[in-house]
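Note sheet for the following structure.
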Amino acid sequence: MIRRVATRLWPDTLAARVVLVLLAGLTLFHLGSLWLHQADTETALAATQEALLSEQIAGASRAIMSVPVDRRAELARALSTPNLDLRWAAERALPIAAPADRRIAGFAARLQAVLAGGQGVQVSLGPASGDEVRRVFGPGRSDAIAGAIALADGSWLNLRVVRGASAGASQHASLLSTTAMAGGILIVGLLVVRTLNRPLRQLAEAANRIATPAAPPAVLPEEGPREVRSAVQAFNRMQARIDRLITDRTQALAAVSHDLRTPIARLRLRAGFLEDAETQHAIDADLDEMEAMIDATLAYLRGETESEPRRPADLAAILETLCDAAADAGHSVRWTGPRQARLVCRPIALKRAFANLIDNAVKYGGGARVSLDADAAAMTVRVEDDGPGIPEEALEAVFEPFRRLEDSRNRGTGGSGLGLTIARQVAEAHGGTLVLENRAGGGLAATVRLPRSSPAGDPVPC
């Protein structure tokens, strides 16, 4: 459970992970340095404050002893400060037990040492009660000491001291300074991480453009850390090999296409001289199927969308034309959609893709229902049929090249096994998706979603 939660909280990007590690390290450093600085400051501040208080109390006691008895109480009140309350009396105000706090005991020893060299001076100090502190110094004060000093004539100087009153300002200053330092380091770290991560982003963008239609291969600059330079060099070499392989394959396919069409044309010409009309018709049908298979294979391997530029087209008109052509051929095809739906696309490639989907619905489902929904973000085309559908485990497998769910190659249901592959290839080249799903009432539904913006981010007019 803990591991699963930690996995979800752990960032997915390299930059975010570096920033998180940097932030965690800075936080620990910040807290540790703040604690050490505060502890050291409090120790030094307490020692300095105790020394000053000892000198202040010693001076006050000497001043009180130098004036007549009737003026001592008034002088004691006059010498009091916000942190030190002095009261002169003929006797000790309250009996005070020996302090259990080592800091109070140390302060008492220091005060006794300052007073007349510590000879024959009685000093009693102990923690003051909360009510007494609030009554004398007001709310919000703490760490108070109550005590009494025996003067030479037998009278007493009763005192109450608040220590640590000025430590708050020092603590806030330390907190602000260390926080500002940590914030500055974090900002610099973010800038450095962003700079280091830039080559990786460029590498990812270039990888996404590989084999993308109308996207020339991009040679990335070999810069950045050594590990990044090595990755960029390997990527540039890989991209060059892929580009050369695609070029060689295209040239070979063009040659094969020309060489195959020539003997097919000769066979078709020779079949025309046959006297048996039935045999002539069968040969012509076989040749038609061979040409269709060659066209489909070449369209898939060549990537027919590569040479077609994008231009505004009416997707509704394209779909309606395909439905009318299928209906004229005697198939049950129904069209539902708006009168116009303009989209910047490769219309020939889209026409071929939707023709494949409608042809599949007619062949395996006995008919097709084609609908188009357009909104501000995308256009959604749905092709439904009432056929047997596709097993759930094969809904993705049918998109594999040359994958067919039945073994026949007859002209009734046979084909090259590339119709759905080409249709998805075209949809993805437009930045869209093609999804197959079995309908609840039976039959298959093919849903194509085409965004109104191109993969390159160009806006598509409505």
Each residue of the range 380-389 in order: what ³J(HN,Hα) in whole Hz does its phi give by Karplus 6.51 cos²θ - 1.76 cosθ + 1.60, θ = phi - 60°, with x for Gly and Pro?
-> 10, 10, 10, 10, 10, 9, 10, x, x, x
Would you kindly derive the ³J(HN,Hα) couplings of the range 48-64 from the backbone phi angles with the Karplus curve 6.51 cos²θ - 1.76 cosθ + 1.60 (θ = phi - 60°), listing them in order in whole Hz, with x for Gly and Pro?
-> 5, 5, 5, 5, 5, 5, 4, 5, 5, 5, 5, x, 5, 5, 5, 5, 5
So the FRET efficiency between Phe273 and Ile294, C-beta based with R0 = 35 Å and rounded to 0.05, is 0.90
Can you check what the net charge comes to around Cys323, using other residues whose Cβ is under 10 Å from the Cβ of Cys323 (Lys, Arg +1; Asp, Glu -1)?
-> -1
Name the long-range amide H neighbours of Trp156: under 5 Å, sequence gap of 5 or more, or other chain; modelled H, no Pro or chain starts.
-> Ala89, Ala90, Glu91, Leu151
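Values in this text are rule-based calculations from the coordinates and carry no lab data. Note that the structure is predicted; figures quoted are calculated from it, not measured. With ideal geometry, Cβ positions are generated from the backbone for all residues, glycine too; neighbour counts draw on all protein chains shown.
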